[in-house]
Amino acid sequence: MTDIVCNCPICSSALTPIQVAPCFDCGHAQRELEDWAHGKHEYRVYRIWGQDIVLCDFCDADFGSYFPDYWGLPEGPLPDYPLDLVSIVENPQLSQDGYCNQCQHRLAFLRFRQQAIDHNSA
């Protein structure tokens, strides 16, 4: 991990250091690590709710499947989330990140989610 964070920002569970692919959403999954090794995905940086998120070309298409309350928005039908393309990740690399067994996501995604909740509930 790039900085010392021991607990999940969502549930406060202890984080486990793991190797991850660039995608904030699925980069922790073994299947995504295998897909990265075979060059199966393109990764892009998007901006939404005032912050950046890196998504693979599967997760960007699937982003709209998250219920609004997951992001701190009012409950309702699935909206068309305004993902603005910032750039394509050139030469994507594996890195280290924390993983929350309770939330089942890596720290980069959990930080993004917590900031989205804070932004959207303000």
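Against the test of being modelled with pLDDT of 95 or more and either among the polar types (S, T, N, Q) or under 15 Å from the mean Cα position of the chain (by Cα) (or both), the options Cys26, Cys11 yield a single qualifying residue, Cys26. One residue stands out among those in the range 49-70 that are in a loop (DSSP other than H, G, I, E, B) and without any contact (Cβ under 8 Å) to a residue 24 or more places away in the chain: the one that is most open to solvent (accessible area, probe 1.4 Å), which is Phe67. Does Leu15 satisfy being open to solvent by less than 30 Å² (accessible area, probe 1.4 Å), assigned to a strand (DSSP E or B) and not charged (D, E, K, R)? In short, yes. Please determine, by comparing only the residues of the range 24-48 that are aromatic (Phe, Trp, Tyr) and open to solvent by 30 Å² or more (accessible area, probe 1.4 Å), which one is farthest from Asp80 (Cα to Cα). Ranking the candidates gives Trp36 first. Total residues in the range 82-112 satisfying the condition of being surrounded by 15 or more Cβ atoms within 10 Å (Cβ to Cβ) and assigned to a loop (DSSP other than H, G, I, E, B): the figure is 4.
The values are calculated or read from the model by the stated rules, or taken from the named source; none is laboratory data. Since the model is a prediction, treat every value here as computed from it, not as a measurement. Virtual Cβ from ideal backbone geometry, glycine too; neighbours counted across all protein chains shown. SASA here: full protein model, heavy atoms, side chains in, ligands and nucleic acids out. Shrake-Rupley method; radii C 1.70, N 1.55, O 1.52, S 1.80 Å.
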